[in-house]
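Student: Could you have a look at this structure, given as structure tokens, before my questions?
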């Protein structure tokens, strides 16, 4: 997840408020930022989800402010990690992130089982969407590690 900026410096994980068309605000969007040249970019793993959310907000047409961490499980896990100051060097950060993602997947699977026992299909659908985001990230990380 960590990478170097175009200026050569290491980029750090942070969170920003994204304002779209001066009326839609998405807070807690995970970004990679360079302290040296102030360049930043949305975290590649969630960029498509941010774009999809902005499109949904545009279709709704209302001036709103939402927290991306409420909409995306990976962003929520990252935000929790940053809040708990669990980051150190890049290799241990990656290991902790993968562990936290696996813990969240297990929690969501437990919730899914509960929703299934209650025959609550709408809750099951919400959990399935949340699981898909984390599962996609973990499987992509594992694929990259295997190469």
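The rows are residues; the columns are (1) out of contact with any strand residue (DSSP E or B) (no Cβ under 9 Å at 6 or more places or on another chain); (2) within 21 Å of residue 3 (Cα to Cα).
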position: 30; (1), (2): no, yes
position: 34; (1), (2): no, yes
position: 38; (1), (2): yes, yes
position: 43; (1), (2): no, yes
position: 62; (1), (2): no, no
position: 84; (1), (2): yes, no
position: 106; (1), (2): yes, no
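Student: Next up: Do you know which residues across region 125-147 are modelled with pLDDT of 90 or more and crowded, with 17+ Cβ neighbours inside 10 Å? Break it down into steps so the answer makes sense when it comes.
Tutor: Applying the first criterion (modelled with pLDDT of 90 or more) to region 125-147 yields 125-132, 134.
Listed by number, the residues that qualify are 127, 130, 131, 134.
Student: Further question: Check residue 98 against each of (1) more than 17 Å from residue 134 (Cβ to Cβ); (2) surrounded by 14 or more Cβ atoms within 10 Å (Cβ to Cβ) and name the one condition it does not meet.
Tutor: (1)
Residue-wise test of (1) at pLDDT 90 or above; (2) surrounded by 12 or more Cβ atoms within 10 Å (Cβ to Cβ); (3) within 11 Å of the chain's Cα centre (by Cα).
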position: 2; (1), (2), (3): no, yes, no
position: 7; (1), (2), (3): yes, no, no
position: 14; (1), (2), (3): yes, yes, no
position: 27; (1), (2), (3): yes, yes, no
position: 46; (1), (2), (3): yes, yes, yes
position: 57; (1), (2), (3): yes, yes, no
position: 62; (1), (2), (3): no, no, no
position: 75; (1), (2), (3): yes, yes, yes
position: 88; (1), (2), (3): no, no, no
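Student: Same structure, new question: Would you kindly identify the strands (runs of 3 or more DSSP E) lying entirely within region 8-64 that contain at least 1 residues that are touching a helix residue (DSSP H, G or I) at 6+ places or on another chain (Cβ under 7 Å) and free of Cβ contacts under 8 Å to residues at least 40 places away in the same chain?
Tutor: 12-20, 40-42
The values are calculated or read from the model by the stated rules, or taken from the named source; none is laboratory data. It should be emphasised that the depicted structure is a prediction, and the values quoted were computed from it without experimental measurement. Counting neighbours? That spans all protein chains shown, and the Cβs are built from the backbone with ideal geometry, glycine included.
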